[in-house]
Amino acid sequence: MPKQAVAPAPEQPKEKQVYVYSGDRFRDPFTPAGQNTNYQPDAVFDPQRAAVKAIIYGPEYKTAVLNVGGSGSYFVKDGKIYDIMGKPVEGYSAKIFIDKVVVLGEADNVIELKIKKFDEEGKPS
C-alpha cells in the first residue's frame with residue numbers, strides 16, 4: 001500500500017492590528033493639531049467634572065480619553081489615569097467598559113462616566 005501524504009492543516013490568519021494608540025507618550029488624538037492645551041502640571045484631577053471624550057475598546061486593548069473642564073484631557077490605560085504629559089494621576093484608578101469609564105477615587109469613591117450618544121443630526125440623545 002502506498003503511503004498517503006498528509007497535508008498540513010491550514011493556519012488560521014491572526015487578526016492584524018491596524019492601529020494601536022499609546023497616549024501615555026503622545027498628544028490627545030481627539031484634539032485638533034496645533035490647538036493650545038494650556039498644560040498645568042499642578043492641575044487637580046476632578047472626576048466629578050470629567051466627561052468621557054472617547055473610548056477605544058477592543059479584545060486586548062482598552063483605552064479612554066477624559067476631558068476635565070479647566071484641567072484638560074486625561075488618558076486612561078491599564079487602569080491608570082495619565083495627564084497629557086504622561087504623568088500618572090495619584091489617588092485614582094479607572095476601569096474601561098464599552099460605553100463608560102468607572103473612576104475609583106480616594107476613600108472608595110466611585111464615579112461612573114458614560115459616553116454621550118448622539119443622534120443622526122449630531123445632537124445628544
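Couplings 3J(HN,Hα) for the range 73-90, derived from phi with the Karplus relation 6.51 cos²θ - 1.76 cosθ + 1.60 (θ = phi - 60°), are 9, 10, 10, 10, 8, 6, x, 10, 10, 10, 7, 5, 9, x, 7, x, 8, 7 Hz, where x marks Gly and Pro. Each residue of the range 48-58 was assigned a 3J(HN,Hα) from its phi angle through the Karplus curve 6.51 cos²θ - 1.76 cosθ + 1.60 (θ = phi - 60°); the sequence is 5, 9, 7, 9, 6, 8, 6, 10, 10, 10, x Hz, with glycine and proline shown as x. Checked against a 18 Å cut-off, the cross-linked pairs Lys53/Lys77; Lys53/Lys117; Lys77/Lys116; Lys87/Lys116; Lys62/Lys114 give Cα-Cα distances beyond that limit for Lys77/Lys116; Lys87/Lys116. Net charge of the neighbourhood of Gly91, taken over other residues with C-beta under 14 Å away and scored Lys/Arg +1, Asp/Glu -1, is -3. Counted by Cβ distance under 9 Å from Ile55, the other residues give a net charge of +2, where Lys and Arg count +1 and Asp and Glu count -1.
Rule-based calculations on the coordinates, nothing more; no lab input. The model shown is predicted, which means the values in this text are computed figures rather than measured ones. Cβ atoms come from the backbone with ideal geometry, glycine included; neighbour counts cover every protein chain shown.
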